[in-house]
Amino acid sequence: MNQNLQHILDLINESSKLSEDDKTIVHNALKKADKDLVISEFKLERTNKVKRTTAILLEETIEELEQKQAAIKQTNIALNKSLEDLKSTQAQLVQAEKMASLGELTAGIAHEIQNPLNFVNNFSEVSKELLEEMLEELQNGDTEEVNAIANDVIQNLEKIVHHGQRADGIIKGMLQHSRTNSGEKEATDINVLVDEYLRLAYHGLRSKDKTFNASLDTNYDDSVGKLNIVPQDIGRVILNLITNAFYASNEKKKELEKEPSGLNRFQPTVSITTKKENNHIEIKVSDNGNGIPKDIIAKIFQPFFTTKPTGQGTGLGLSLSYDIITAHKGELNANSTEGQGTEIIISLPIKDQDKWK
Amino acid sequence: MKILVVDDEQDVKVLFQQRFRKEIKKGELDFVFAFSGEEAIKTLETIAHEAVLILSDINMPGMSGLQLLEIIKKDYVAPPPVVMMVTAYGDEENFNTAKALGADDFLTKPVDFKLLKEKLIQKK
Ligand SMILES: Nc1ncnc2c1ncn2[C@@H]1O[C@H](COP(=O)(O)OP(=O)(O)O)[C@@H](O)[C@H]1O
Ligand SMILES: [Mg+2]
């Protein structure tokens, strides 16, 4: 029994003022108090034990958390570094894609400039000959012939201007294409732009691969007119779609040529259609290549997605195209039937300000 | 003899008509024009009974000049037409292919019309 309770019990036992009965009552009460005390002490002891364990656990947890925090910090640093690396790699790749498409262009450009320059030279030379002849006819007094020659010379001078401007346009297009900073929006004749890039893409691929050949099918809607766009950006999109279309149809041709059945009658064909709709303009590039399987069509606009062998594809063409079209508040959509071909449709909004032009 | 000029550039026609103005006027040379390989084949069918000299560009959309050359040299059993190919300067690959396919003569771009005139009059 608790010492203090024992002391009280002893005092009560020795006391003569209490009756035996009262002593028994106090005795029992004290015993009960002692029992309660023992239980309380036991409970307290148990609570203390729990407290100690909890404290230990807490300490352990805190330590663990601290370790984790340090690890996270480290991971964060690493992640930031990776992100920076990724950003710079991406910038490099975007530039590489630009340069690759420029490379595709340069060969086409060389070819495209040669023809107009030849015309400029030829029509100049021939005009000089014609004028010499005209002098002769003047002396002969043959006014009819003089008139005929003069008209030819006028026509030739118009052709010289036309082909000179053609060469000029091609060079301007090339310079704009290679420029890194994004250009300004300007009112641009969509059909002219499309046709220019189509020819560049075609001759570019042709000069890289001599066996390359495809039919071109162009359907330009004359009512399309001008649209306020960044011409070199939209040009880049068109170049990309056309390059992809040529690639796809040419791959199919190569595949069929491998077969013994002699199915090599296949003629790769790429069609470009422009169309004016109510409030937007559509530019559609379609090919008769092998199409895009259903399970990957959702991925083609993702950066770096490519099914082409290394060195032949960056997987950035469509993703850049998507960004450019979105920046113009337009849409880029793909439809494809496996084995039949693919069509990619650019649609650009016509704003009121464009309508009045 | 007819001379069939095949080139996808429309202005080639005007240019030839002026470069050979005198010869055409005097009836010394007779030109026909086609703006694609496909069109050239069709034209050839309509003038099958006449002697023809073909002057063809190589780089054309659709049927290329080389494909046209191959078809002409294969499909025309009767004395096949004389074919002159116009190749880009320094383009060995196309030159060799055309030679292997049976091209009779070559001109390099830019075409030297004086030389062409001599050749045409001599082959006539
Ligand atoms: N016209 C098409 N026909 C078939 N597949 C296409 C076509 N255009 C794009 N693709 C698919 O989309 C992928 C991504 O295209 P893109 O972003 O231009 O990159 P890349 O051409 O470098 O592969 C291609 O690798 C190809 O699998
Ligand atoms: Mg691409």
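A short reminder: the numbers here are calculations on the coordinates, not readings from a lab. For clarity, every value in this text was computed on a predicted model and none was experimentally measured. Because the Cβ atoms are built from the backbone with ideal geometry, glycine has one as well, and the counts that use them run over all protein chains shown.
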**Study point:** 10 Å-binned pair-distance histogram of region B:2-123 (Cα, whole percent)
**Key:** 13, 49, 34, 4
Point to revise | Residue among A:90, A:114, A:69 with the largest mean-square fluctuation in a Gaussian network model of chain A, springs linking Cα atoms under 10 Å | key: A:69
Exercise for review: Please give the average number of partner chain Cβ atoms lying within 10 Å of the Cβ of each residue in B:105-112, rounded to a whole number.
Suggested key: 2
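Please report the relative contact order for chain B, taking Cα pairs under 8 Å with a sequence separation of at least 6, and give it as a percent rounded to a whole number.
That works out to 24 percent.
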Study note, to complete from the structure: Within 10 Å of the Cβ of an average residue in A:124-130, the count of other chain Cβ atoms is 3
Practice item. Take each complete run of DSSP H in chain A, measure how far its Cα atoms stretch along the helix's own axis, and keep only those covering 18 Å or more with mean Kyte-Doolittle hydropathy at least -1.0; list them. Key: A:20-140, A:143-178, A:190-208, A:231-258
Point to revise | Cleavage-rule hits (trypsin sites (Lys or Arg not before Pro)) in region B:13-50: DSSP loop, at most 10 neighbouring Cβ within 10 angstrom | key: B:26
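Go through A:222-234, B:85-97 and give me the packing order, highest mean Cβ count within 10 Å leading.
Descending packing order for the listed peptides: A:222-234, B:85-97.
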Exercise for review: From other protein chains only, count the Cβ atoms within 10 Å of every residue's Cβ in B:10-21, then give the mean.
Suggested key: 5
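For a protection proxy built on the mean count of beta-carbon atoms within 10 angstrom, sort A:116-126, A:290-300 highest first, please.
For the peptides A:116-126, A:290-300, the packing ranking is A:116-126, A:290-300.
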Revision key, fill the gap. Site residue A:4, offset 7 angstrom along Cα→Cβ, radius 19 Å on amide nitrogen, limited to region A:14-28, gives A:26-28
Exercise for review: With +1 on each Lys and Arg Cβ and -1 on each Asp and Glu Cβ, and nothing else charged, work out how big the dipole of region A:187-357 is about its Cα centre, in Debye to the nearest 20.
Suggested key: 300
Check your understanding: How many times 2.2 N^0.38 Å is the alpha carbon radius of gyration of chain A?
Key -> 2.14
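Two decimals is fine: what's Rg over Rh for region A:1-154, C-alpha atoms, Kirkwood radius as Rh?
2.03
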Exercise for review: May I ask which residue of A:11, A:300, A:339 lies farthest towards the positive end of the charge dipole of chain A, with charges of +1 (Lys, Arg) and -1 (Asp, Glu) on Cβ and the Cα centre as origin?
Suggested key: A:11
Point to revise | Farthest positive-ward along region B:2-123 dipole, Cα basis, beta-carbon charges - from B:48, B:83, B:116 | key: B:116
